[in-house]
Amino acid sequence: MSSPARWAPFRREAGPKPPPPARGIRMKRAGTTWWGKRWVEALERMAPDEVGRLARGRTYARAGRTHDLTVKPGLVVARVTGSQPKPYKVILTLARLDDAMWAKAIAAMAKRAKFAAELLAGRMPEDIDEAFRSAGTSLFPAKPEDLTTACSCPDWVNPCKHVAATHYVLGEALDKDPFLLFELRGRTREQVIEALRAARSGTAPGKPGRRAGAGRAAPCDKEAPPIATVTLGKMAASDFDAWREPPPALDVALAPPAAHAALLAQLGEPPGWREERSPAELLGPLIRAASERAREIALAEGAGAPPRPGRG
């Protein structure tokens with residue numbers, strides 16, 4: 001992690017801080033998912049000697065002093081209201097992956113149906129970085145040069161508390177939407193999903209139903225053969241719905257979902273939510289228990305056994 005030099009000396013401001021802005025983003029807890037935790041750890045690993053500033057950054061994040069957060073490919077910009085009435089500008093820059101790296105990573109992800117299933121469900125597969133390592137990189141910041149920061153405050157130390165506050169707020173945003181991490185690396189959610197679907201189906205992105213590399217059919221000078229026709233024999237009305245042969249046996253598999261409470265995780269918190277835990281964290285275990293119980297009942301009925309009584 002690096003930062004451009006600041007020429008103004010650092011000085012501690014006296015007097016009370018202005019209140020957090022009404023549009024401030026109040027972080028509840030960052031790192032509730034494994035990928036959000038990995039993002040927060042990237043900051044803490046790069047600044048092991050700045051425990052105090054990181055703690056003040058968390059306080060700023062919880063107080064809602066970070067606002068006007070925007071995420072673009074390779075770039076995060078935010079404002080943080082600190083000691084002065086005028087907010088400080090924070091810029092985080094994450095190295096964007098080039099097209100060749102993305103192509104290799106997408107190809108590696110497409111080889112495993114689990115990746116596509118979990119991503120479509122709004123979750124980041126825990127071994128997703130294997131796909132990026134096969135492309136010679138990592139999805140997460142791994143080296144100091146992967147992530148650069150800048151802040152308009154006069155603090156010389158990097159990261160300052162304003163950078164830390166932005167990093168923690170972004171960590172909570174990543175918990176809710178893992179595709180923001182893809183966007184920081186240079187690809188939107190739509191681009192990743194479309195590329196995954198195309199790679200798994202063998203079609204070129206943006207051209208459904210057409211295999212990659214397939215060209216137009218070559219013109220043929222020969223006369224086209226006549227179109228084959230089918231002549232139906234006579235059939236009695238009573239035989240119209242009759243089976244010509246016994247129907248095949250149906251084999252239904254009730255597999256557990258790849259990710260539980262995926263829809264709640266995608267929807268996020270509804271307006272007015274005041275609980276410490278998110279809806280997915282709070283209701284996820286209940287949904288999972290109901291899903292597993294329904295599967296037990298269905299499998300028991302399929303085997304001819306009566307369903308077990310409900311657990312008290």
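The values are calculated or read from the model by the stated rules, or taken from the named source; none is laboratory data. All values derive from a computational prediction rather than experimental measurement. When we count neighbours, we look across all protein chains shown, and the Cβ atoms used for this are built from the backbone with ideal geometry, even at glycine. The accessibility values were calculated without ligands, DNA or RNA, using every heavy atom of the protein model including side chains. Shrake-Rupley method; radii C 1.70, N 1.55, O 1.52, S 1.80 Å.
The number of residues in the range 7-27 being within 23 Å of the chain's Cα centre (by Cα) and either at pLDDT below 50 or open to solvent by 60 Å² or more (accessible area, probe 1.4 Å) (or both) comes to 1. Screening the range 69-86 for residues that are crowded, with 21+ Cβ neighbours inside 10 Å and not in a strand (DSSP E or B) and picking the one that is modelled with the highest pLDDT gives Thr81.
For (1) farther than 27 Å from Glu118 by Cα; (2) surrounded by fewer than 19 Cβ atoms within 10 Å (Cβ to Cβ); (3) of a type outside the set (A, V, I, L, M, F, W, C), each residue gets a yes or a no:
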residue: Asp146; (1), (2), (3): no, yes, yes
residue: Asp155; (1), (2), (3): yes, no, yes
residue: Glu183; (1), (2), (3): no, no, yes
residue: Gly186; (1), (2), (3): no, yes, yes
residue: Arg200; (1), (2), (3): no, yes, yes
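Can you tell me which residue in the range 126-137 is nearest to Ala199 (Cα to Cα), limited to those that are of a type outside the set (Asp, Glu) and surrounded by fewer than 17 Cβ atoms within 10 Å (Cβ to Cβ)? Result: Ser134. The set of residues in the range 274-300 being surrounded by 13 or more Cβ atoms within 10 Å (Cβ to Cβ) and in a loop (DSSP other than H, G, I, E, B) consists of Arg277, Ser278. Take the residues of the range 87-103 that are under 22 Å from Arg189 (Cα atoms) and in a loop (DSSP other than H, G, I, E, B): which is most open to solvent (accessible area, probe 1.4 Å)? Among those that are under 22 Å from Arg189 (Cα atoms) and in a loop (DSSP other than H, G, I, E, B), it is Arg96.
In the range 263-270 there is at least one residue matching the filter, namely being at pLDDT 70 or above and exposed (fewer than 10 other Cβ atoms within 10 Å of the Cβ).
Results for (1) at pLDDT below 90; (2) part of a helix (DSSP H, G or I); (3) surrounded by fewer than 19 Cβ atoms within 10 Å (Cβ to Cβ), shown as yes or no for each residue.
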{"residue": "Lys114", "(1), (2), (3)": "yes, yes, yes"}
{"residue": "Met124", "(1), (2), (3)": "yes, no, no"}
{"residue": "His162", "(1), (2), (3)": "no, yes, no"}
{"residue": "Tyr168", "(1), (2), (3)": "no, yes, no"}
{"residue": "Leu174", "(1), (2), (3)": "yes, yes, no"}
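Scoring Leu43 on the criteria (1) crowded, with 21+ Cβ neighbours inside 10 Å; (2) modelled with pLDDT of 85 or more leaves a single failure, condition (2).
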